[in-house]
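*Asks:* Have a look at this one before I ask anything.
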Amino acid sequence: MSDDRQAIPLPWQRSDWQRLMQLFARDRLPHALLLAGGNGLGKGHFADMIAAKLLCEAPEQAAEGHVACGQCHGCRMRRAGYHPDLLNIPAPDLGRLIRIDAIRGINAFLSETAQQGGYRVVRIEGVEAMTIGAANALLKNLEEPGTRTLFLLLSDVPSRIMPTIMSRCQKFAFTPPSYAECHDWLLQHVADEQDARFWWQVAGGMPLAAVAQATPEARQLRQRLTELFDALVRGGDPVAEAARLDRQQLSAILEYGIRWLEDVVRLGLSGEADELRNTDMLPLYRQAVKNARVRDWFRLLDYAREQRRLIAQGNNPNPQLVLESWLIRWSALLRS
Ligand SMILES: [Zn+2]
């Protein structure tokens, strides 16, 4: 077995991989695959694995089906970061869009015959962030892909993709695995059992997100926000608290806030603590549910989600204003 980690499915992706390899074996691989699902499930890894398999000259039989060998000429080129038959269009920076120029590059790529005599792979991340022009240009490519060409489209938010693009793809939907399915993998990346369960829960069951959040920086931000909400409950000034936050971290702050608000709403609706992500925040949540109606917390959640959407679409609001008005609303509900 090769030491090419990119080629091995993550534990919770094994059945998806087997399903795909069966399609491949029957020569039923579609021209375009849409890998859809929340950020932190390993879609990127799965896409890399497919590209690796298709560009490998001597795939190996593993327990999960065929995987790239990691040693041949094709694998070596890919691992070195350049393979002539692989075109990679990365996700745009947060708030940016994929523009038509990036998609036009596909035409040039496809007009050349596969240099190694095998598949050509076009990998596009963040497909939902395409301009209309870019999406229409991509649609033309998807309509006439040519032989032995595979488009790998990745999206965290497939509901924002143009329906005409969706209809040309076979969809692979990734959902959060059970704790048992990712437990061993988590333990390889965090300190101990307690950390594994805690961060898995905090990340809403997204294993890669759990590991990313178990970093010292993310812990620090979370701790900072916990203190901030404690301060708000005790009557702290939301504007002063907002000024103390690092506005560069607006997205991460909103994300934490959204997850906490989702917990508050869950607790408010069911009265049960079993389904909460941030169990350590339970005292704050109880206070929140006691002080304001679920309906009002819902509204605040909508507001935070709307801000997140605006940021993702590149309509960058003033971060300081967003933080202030958000915390003012939050503190009003906590005190009402
Ligand atoms: Zn190989």
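Just so you know, all these numbers are worked out from the coordinates, no wet-lab data involved. Computed from a predicted model, the values in this text were never measured in an experiment. Neighbour counts run over all protein chains shown; Cβ positions are idealised from the backbone, glycine included.
*Asks:* What is the extension gain from E275 to I132, computed as 0.36 nm multiplied by their sequence separation minus the C-alpha to C-alpha distance, in nm to one decimal?
*Replies:* Here the segment from E275 to I132 would lengthen by 47.6 nm.
*Asks:* Still on this structure: Fewest Cβ neighbours within 10 Å first, please rank F151, F298 accordingly.
*Replies:* So the residues, fewest neighbours to most, are F298, F151.
*Asks:* For the chain, what relative contact order do you get, as a whole percent, if you take Cα pairs closer than 8 Å and at least 6 residues apart?
*Replies:* Relative contact order here is 18 percent.
*Asks:* Next question, about the same structure. What FRET efficiency comes out for R26 versus E227 if R0 is 56 angstrom and r is the Cβ-Cβ distance? Round to the nearest 0.05.
*Replies:* 0.50
*Asks:* Please give the peptides 180-190, 44-54 ranked by average Cβ packing (other Cβ atoms within 10 Å per residue), highest first, as a rough proxy for protection.
*Replies:* Top to bottom by mean Cβ count within 10 Å: 44-54, 180-190.
*Asks:* Given a cut-off of 26 Å, what percent of all Cα-Cα pairs of the stretch 215-335 lie beyond it?
*Replies:* Every Cα pair in the stretch 215-335 considered, those over 26 Å come to 14 percent.
*Asks:* What length, rounded to one decimal in nm, is gained on full extension from L187 through to S159, with 0.36 nm per residue of separation minus their alpha-carbon distance?
*Replies:* Here the answer is 6.8 nm.
*Asks:* Just subtract the alpha-carbon distance of E57 and Q201 from 0.36 nm times their residue separation and send over the number in nm, one decimal.
*Replies:* 47.8 nm
*Asks:* So what are the ³J(HN,Hα) numbers for the stretch 256-263, from phi and the Karplus equation (6.51, -1.76, 1.60; θ = phi - 60°), rounded to whole Hz, Gly and Pro as x?
*Replies:* 4, x, 4, 5, 5, 5, 4, 5
*Asks:* For helix 14-25, what angle does its Cα long axis make with the longest principal axis of the chain, in degrees from 0 to 90 and rounded to 10?
*Replies:* Here the helix axis deviates by roughly 30 degrees.
*Asks:* On to the next question. So in the chain, what percent of DSSP beta bridges are antiparallel if you round to the nearest 5?
*Replies:* 15 percent
*Asks:* Once the Cα atoms of the chain are picked out, what are the Rg and Dmax in Å?
*Replies:* Here Rg and the maximum Cα pair distance are 22.6, 69 Å.
*Asks:* Counting only residues 5 or more places away or on other chains, whose amide H sits under 5 Å from the amide H of N88 once H atoms are built in the peptide plane?
*Replies:* For N88, the qualifying residues are R123.
*Asks:* Could you size up the charge dipole of the chain around its Cα centre, putting +1 on the beta carbon of Lys and Arg and -1 on that of Asp and Glu, and report it in debye to the nearest 20?
*Replies:* 780 debye
*Asks:* Now a separate question. Could you work out the helix-only [θ] at 222 nm for the chain, with each DSSP H run of four or more residues adding -39,500 (n - 2.57) and the total divided by the number of residues, to the nearest 500 deg cm²/dmol?
*Replies:* The per-residue figure over the chain is -16500 deg cm²/dmol.
*Asks:* Right, something else. Quick one: if you stick a label point 7 Å off each Cα along the C-beta vector at R305 and K290, how many nm between them?
*Replies:* 2.8 nm
*Asks:* Could you pull out every residue, at least 5 positions away or on a different chain, whose amide H is within less than 5 Å of the one on L35? Hs are placed 1.01 Å off N in the peptide plane, and Pro or chain starts have none.
*Replies:* Result for L35 returns L153, L154, S155, F172.
*Asks:* Separate question: Local charge sum around L34 (other residues, Cβ-Cβ under 11 Å, Lys/Arg +1, Asp/Glu -1)?
*Replies:* Here the count lands on +2.
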